[in-house]
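Working notes for the structure below.
The values are calculated or read from the model by the stated rules, or taken from the named source; none is laboratory data. Being a predicted model, the structure only gives us computed values, none of them experimental. Note that we place each Cβ from the backbone using ideal geometry, even for glycine, and neighbour counts take in every protein chain shown. In case anyone asks, the SASA skips ligands and DNA or RNA and just uses the protein heavy atoms, side chains included. Shrake-Rupley method; radii C 1.70, N 1.55, O 1.52, S 1.80 Å.
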Amino acid sequence: MAILIAGLVAAAILLILPRFLGRRHELMLRQYEVLEKRFGLSKRVTQSRWGKGIGERCSLHGDSRGYPLSLYDHFVKGEGGKQEWTSLVLEALFAGDIEFLMEFEGTQEGARFDRPQRFQVKGLYSGATVFSSDSLKDVFEDEAVVKRLEFLSKQSVCGSVRLNKGFLEYREVGVVVSEVQRLRFQEAILMLATLCDRLSLYASEKKSAQADA
């Protein structure tokens, strides 16, 4: 009897799961479509043999103020189960060895990046806490940067930011399936682009100072 019940449960899961995944995939595509149109991005789809929405991977690509941009979901499987994220990444190779982490009051626990021991709290800027080994006061006190930080600082739920090896990333837990999530990523695109502008100037000033030393 137990084997029969287990078989029925497994069969039910196989029937329901594709529908659930397909529905979630459709919701994500709707939000991606808005981002495509609003920021002039292009969608890339990796097909799956399991059918539409099952194992199919979608990502957005383009640029914001000339900085190459990509948005995609990804996951890892561990002892605690599957952890899924959506990441927005802007290429900022000019930053060189400059690194930092930034978290907000509403940052999801699962969205936090691992913090290197050498990182220290460098300041609280418009509700965002910055961790780094660099002094980045000039970057985060910039008027345009402060203005862009305000939106995410006021959110009860949001992600976190990392600059590492020339890539500036905003990460949230889960997949973008709602308008509320999509609005946060819209603001994150503008925020990261503004940060890139200021970081470009900071990196240039840092190189000039090192050359004169």
So, over other residues within a Cβ distance under 15 Å of PRO68, counting Lys, Arg +1 and Asp, Glu -1, the net charge is -1
Which value in deg cm²/dmol, rounded to the nearest 500, describes the helix-derived mean residue ellipticity at 222 nm for the chain, given -39,500 (n - 2.57) per DSSP H run of n ≥ 4 and division by the residue count? -14000 deg cm²/dmol
Please arrange LYS165, LYS122 by accessible surface area, largest first, computed with a 1.4 Å probe and ligands excluded. LYS165, LYS122
Students sometimes get this wrong: rank LYS82, LYS154 by accessible area, probe 1.4 Å, all chains present, largest first. LYS154, LYS82
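Ordering TYR202, TYR170 by how much accessible area each has at a 1.4 Å probe, largest first, what is the list?
Numbers: TYR202 30, TYR170 0 Å².
Sorted by accessible area, descending: TYR202, TYR170.
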About its Cα centre, how strong a charge dipole does the stretch 60-113 have in debye, to the nearest 20, once Lys and Arg get +1 and Asp and Glu get -1 at the Cβ? 160
Surface accessible to a 1.4 Å probe, per residue, for the residues of the stretch 67-158, Å²: 53
Once the whole set of protein chains is in place, how much accessible area is left on THR194, using a 1.4 Å probe, in Å² to the nearest 10? 10
Selection from LEU27, HIS74, LEU60 lying farthest towards where the dipole of the chain points positive, charges on Cβ: LEU27
SER156 accessible area, 1.4 Å probe, all protein chains in place, Å² to nearest 10: 110
Got a number for the accessible area of ARG65? Probe 1.4 Å, square angstrom, nearest 10. 130
Contour minus Cα-Cα distance for ASP212 and THR46 (0.36 nm per residue): 54.8 nm
With the crude spin-label approximation of a point 7 Å out along Cα→Cβ, what separation in nm comes out for GLN117 versus ARG38? 4.2
Computed over the Cα atoms of the chain, what is the ratio Rg over Rh, Rh following Kirkwood? 1.06
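Quick one: putting +1 on the C-beta of Lys and Arg, -1 on the C-beta of Asp and Glu, what dipole do you get for the stretch 1-212 around its Cα centre, in Debye to the nearest 20?
840
Which entries of LYS165/LYS206; LYS137/LYS206; LYS43/LYS207; LYS137/LYS165; LYS122/LYS165 show an alpha-carbon separation above 25 angstrom in the structure shown? Could you put the intermediate results ahead of the total?
On the way: LYS165/LYS206 16 Å; LYS137/LYS206 13 Å; LYS43/LYS207 37 Å; LYS137/LYS165 20 Å; LYS122/LYS165 19 Å.
From the list (LYS165/LYS206; LYS137/LYS206; LYS43/LYS207; LYS137/LYS165; LYS122/LYS165), the Cα-Cα distance tops 25 Å for LYS43/LYS207.
In the neighborhood of ARG30, defined by Cβ-to-Cβ distances under 10 Å, what is the net charge if each Lys or Arg adds +1 and each Asp or Glu adds -1?
Values: positive: ARG182; negative: GLU26, GLU33, GLU179.
Overall, the nearby charge balance is -2.
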Percentage of interatomic Cα-Cα distances in the stretch 90-213 larger than 16 Å: 61
Might you report the magnitude of the Cβ-based charge dipole of the stretch 102-167 about its Cα centre, with Lys and Arg at +1 and Asp and Glu at -1, to the nearest 20 debye? 200
